[in-house]
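Reviewing the structure listed below.
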Amino acid sequence: MPKPASDAQGAYRLLPSIDETLRDPRALALEGRAPRELLRRFAAETLEAWRAEIAAGRLDQDRIVSLRASGEPFLELERRVAREALRGVVRCVNATGIVLNTGLGRAPVHPEVAAAMAEAARGYCVLEVDRETNERNQRDEHLGDLLARLTGAEAAIAVNNCAGAVLLLFNTFAGGREAVVSRGELVEIGGSFRVPDVMARANAVLVEVGTTNRTRLADYAQAIGERTGLLVKVHTSNFRVVGFTEEAAPAELAELGRRRGVTSAYDLGSGLLDPEGAPPLAQLLGGEPLVREAVASGFDVVLFSGDKLFGAPQAGLIVGKRAAIAALRKNPVYRALRLDKVALVGLETTARLLLAGRAHELPVRRMLAAAAPDLRPAAERIAARLAALPHLAVEVTPGESRPGSGSAPGVALPTFVVHVRHARLSDAELAAGLRSAAVPVFARVQDGRVLVDPRTLLPGDEDDLVRGFASAVGREPTSARRSRA
Ligand SMILES: *Cc1c(COP(=O)(O)O)cnc(C)c1O
């Protein structure tokens, strides 16, 4: 029952003002942790929230008096400052065993790549000018050459991410026209990226063919008409249809396009390359399609992400026939999706490492290729260090890591994991403590334990991991803490 208005009026009058809240000596001490303007905003938001509670009849005069007596206005301010400190992009330790974790920034890059990126960010660089002639050129021209050499394509172009590449593709070849896609490949990639939605925004008319589990070449052939601009194959990155299934072979689809004069494209997403001399990953990843093979099947364009299995900074890489790439480059949408110098130099450096026979050095490839026995010593070492911390019980068992980011769904990589249990904290509380450490640690939570998988640890991460646990075990269980206002 809402309180009578007169009660509410009295309640409003009992609230402190913003200035009063900020004059609390403890609030003044917060000024070292947050700028004054932000503290003022937090105080205003707190009081605003309380006014809403009063209006809803959930906060009466007695409760306000007791909240003020217990210093709640300051405590709420402090909680908001603490929460603010946990925001933003900072380095973290990925102990999840998910190699390509979109939430944690996908592919960590090679140290030489990281150095090149830092250098480009710090100063000027030769980005869009020819050093011989001093004339303007295309910023991704050289990267295009490197990618062509790596994949066997004639040419290449690079944009901000693969979603952008898909948008550019549909807009260029099917804008105001039709694009033919199999019903079984109209996928949602995650983060609200749905192929049909992107097509609509690219002004392409979707022509669905086949059924969820079976699409034959004849289905595509029948759908081709005067207005068809594009035949598209999409790699169903994050799921598998098993059982009674059929899809058109890539080479047949590309050949159909060539015969009927329609551009053909293959969106691979994950973009695996197994360069010459590199320990191959294709088999390990359950037959994940290779970029080079997709190109060799004859598609006009093949699309993939820079920061998935390619192991580079975020980008959408498009390789293919010279004429098709030129058409993409002419579209003004390309200008809106172009790469910045930092990502570009990271991609060039990664491509050069691959061409130099150094693919095995890339962190993503190293992590994916690690066999369980290689990971056991790290698991044992971490377990021993964590067992030395108070209240922790640890155990090492065989487990499974995942490639992640929709690469090779259903593929589990055998590993060894450290199971960690705290005597009083729940699994979720321990994990939350890890996330709020100075260097945040992300781990898997499962059956009352926190699981640490050494597969995704980078050099130097182990110390930060142990520090993260040390800071998390110092916390009190939530149930013992003061309940919120
Ligand atoms: C991941 C993926 C995308 C989107 O790539 P981003 O680089 O994340 O934009 C597009 N298509 C497929 C098939 C994918 O797997």
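Contact order normalised by length for the chain, with contacts defined as Cα pairs under 8 Å and 6 or more residues apart; what percent is it?
Worked out over the chain, it gives 18 percent.
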* Asked: Per-residue ellipticity at 222 nm for the chain, helices alone: DSSP H runs ≥ 4 residues times -39500 (n - 2.57), over residue total, nearest 500 deg cm²/dmol?
  -> -12500 deg cm²/dmol
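With the cut-off at 1.5 for a/c, could you classify the stretch 148-257 from its C-alpha gyration tensor as rounded, prolate or oblate?
Working: a/c = 1.25, a/b = 1.20, b/c = 1.04.
Rounded shape, in that the Cα axes give a/c under 1.5.
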* Could you give the nm distance between label points at A85 and R260, where each point is 7 Å from its Cα heading toward the beta carbon? -> 6.2
* To do: Pull out the extension gain between H391 and D197, defined as 0.36 nm times the separation in residues minus the alpha carbon to alpha carbon distance; nm, one decimal.
  => 64.8 nm
* What GluC sites (Glu not before Pro) in the stretch 173-227 are in a loop by DSSP, with at most 16 other Cβ atoms within 10 Å of the Cβ? -> E226
* Please identify the trypsin sites (Lys or Arg not before Pro) of the stretch 1-72 that satisfy two criteria: DSSP loop assignment and at most 16 other Cβ atoms within 10 Å. Which are they? -> R33, R58
* **Among beta bridges that DSSP assigns inside the chain, antiparallel share in %, nearest 5** => 55
* To do: Working from Cα positions, state the angle (0 to 90°, nearest 10) between the long axis of helix 162-174 and the longest principal axis of the chain.
  => 40
* Structure fact -> In the chain, lysine pairs 8 or more places apart or on different chains with C-alpha atoms under 22 Å apart total 5
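How high is the FRET efficiency between A56 and R23 when r is their beta carbon distance and R₀ equals 30 Å, given to the nearest 0.05? Could you put the intermediate results ahead of the total?
Working: r = 28 Å, r/R0 = 0.94.
For A56 and R23, the calculated efficiency is 0.60.
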* Asked: In nm, to one decimal, how far is the modelled label at R41 from the one at A371, with both set 7 Å along Cα→Cβ?
  -> 5.4
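Under 8 Å for C-alpha pairs, at least 6 residues apart: give me the relative contact order for the stretch 369-435, rounded to a whole percent. Write out the running numbers ahead of the final one.
Values: 80 pairs, mean separation 22.8, N = 67.
Normalised by residue count, the contact order of the stretch 369-435 is 34 percent.
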* Structure fact -> The longest stretch of the chain containing none of the chymotrypsin sites (Phe, Trp or Tyr not before Pro) that sit in a DSSP loop with at most 10 other Cβ atoms within 10 Å is 245-485
* Global geometry of the stretch 84-229, whether rounded, prolate or oblate, following the gyration tensor of its Cα atoms and the 1.5 cut on a/c -> oblate
* Structure fact -> The relative contact order of the stretch 345-485, taking Cα pairs under 8 Å that sit 6 or more residues apart, comes to a percentage of 23
* Using alpha carbon centroids, what distance separates the stretch 23-65 and the stretch 159-236, in Å? -> 51
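Take the Cβ-Cβ distance between A49 and A114 as r, set R0 to 41 Å, and report the resulting FRET efficiency rounded to the nearest 0.05.
Details: r = 42 Å, r/R0 = 1.03.
Given R0 = 41 Å and the Cβ-Cβ separation, E is 0.45.
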* Going by how many other beta carbons lie within 10 Å of each one, how would you line up L169, L430, L30, fewest first? -> L30, L430, L169
* To do: Determine the distance separating the Cα centre of the stretch 294-363 from the Cα centre of the stretch 247-261; give it in Å without decimals.
  => 23
* Structure fact -> Non-local residues with an amide H under 5 Å from the amide H of D267, with H modelled 1.01 Å from N and Pro and chain starts lacking one, are K233, V234, H235, L303
* **Alpha-carbon centroid distance for the pair the stretch 384-441 / the stretch 89-127, whole angstrom** => 23
* To do: Pop a pseudo-label 7 angstrom from the Cα along the beta-carbon direction at both V241 and A438 and give the gap in nm to one decimal.
  => 5.3
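Taken together, the values in this text are just the output of simple stated rules run on the coordinates, not laboratory data. Quick caveat: nothing in here was measured; it's all calculated off a predicted structure. A quick note on method: Cβ atoms are made from the backbone with ideal geometry, for glycine too, and the neighbour counts reach across all protein chains shown.
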